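Here the structure is laid out as structure tokens; the discussion comes afterwards.
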């Protein structure tokens, strides 16, 4: 098809400003192609400089299992994921002679993604989607500049030439580690290396104009748990030691009582008294260690958690 050849046309799409939205609408498969059947009003959900949009690139943040998340604690690991969707409504955005039952979808997509390197850091290799197995930008190129995923993307396998690609289709994911508290915005920008990194759609000769692309950014909040939440987690650790038989119920209640008293003091705004209660908790843990009730590892886990609570109360 001619659009594969036009990929190497030196003409570049225009540079346009964009708005960002959080949702896209995708139609059902019918007759070998994915038809978009939404109303004209629904198309307004998409945001691009030159509506109607033809291509949507969407970022999202997930846990390591792929479940969507919007917040994480410092030290936590998460993934930045990108999907691409062909959001055209036939015949808009197609060659005049392109059949309505022919394959549709995204053939190629490349972008830059910026973020704050003071808050998060890349924590592993890029995983590209199985449908986009060609022209993958190497990790060394993508990660060359801290705070940017440079020219990240790929183009589809020839295997999908007669089937197209679904919408949305998984393009890539990148693992990150949260290093400091704050709000991190992952912002999409068009690729700069053209024509090699044009965005391409089935049934369209040449590149998708930038003004026809809906770029959907992602934001994740990095925040430490509250002092109260940390104390509840520590109470859970103590109860687990009781349930496993390491502590008898009386000793467990003695530790929990100190934690509950500390929580009350912190809630009342009496930080010094709360810290004193936490130090009493640590003292009793050490006493149980010396008596042989705790192993060194069990005692150290409780003491580390208590120290984190004290540090948190002083911030």
Residue 84 vs. criteria part of a strand (DSSP E or B) and in the same structural domain as residue 200 (by TED's automatic domain parsing): yes
Residues (buried (at least 19 other Cβ atoms within 10 Å of the Cβ) and closer than 15 Å to residue 191 by Cβ) located in region 127-143: 132, 137, 142
Filter result (under 30 Å from residue 57 (Cβ atoms), buried (at least 23 other Cβ atoms within 10 Å of the Cβ) and in contact with a helix residue (DSSP H, G or I) (Cβ under 7 Å, 6 or more places away or on another chain)) within region 201-245: 204
Boolean, residue 254 is at pLDDT 95 or above and within 33 Å of the chain's Cα centre (by Cα): no
Residue count, region 144-163 (criterion: surrounded by fewer than 13 Cβ atoms within 10 Å (Cβ to Cβ) and more than 19 Å from the chain's Cα centre (by Cα)): 5
Condition broken by residue 95, with the remaining ones in (1) in contact (Cβ under 8 Å) with a residue 60 or more places away in the chain; (2) surrounded by fewer than 18 Cβ atoms within 10 Å (Cβ to Cβ); (3) in contact with a strand residue (DSSP E or B) (Cβ under 7 Å, 6 or more places away or on another chain) satisfied: (3)
Meets criteria (without any contact (Cβ under 8 Å) to a residue 40 or more places away in the chain, surrounded by fewer than 22 Cβ atoms within 10 Å (Cβ to Cβ) and either in a loop (DSSP other than H, G, I, E, B) or assigned by TED's automatic domain parsing to the domain that holds residue 189 (or both)) for residue 269: yes
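The values are calculated or read from the model by the stated rules, or taken from the named source; none is laboratory data. Keep in mind the model is a prediction, meaning the values are calculated, not measured. Don't worry about glycine lacking a Cβ; one is built from the backbone with ideal geometry, like all the others, and counts go over all protein chains shown.
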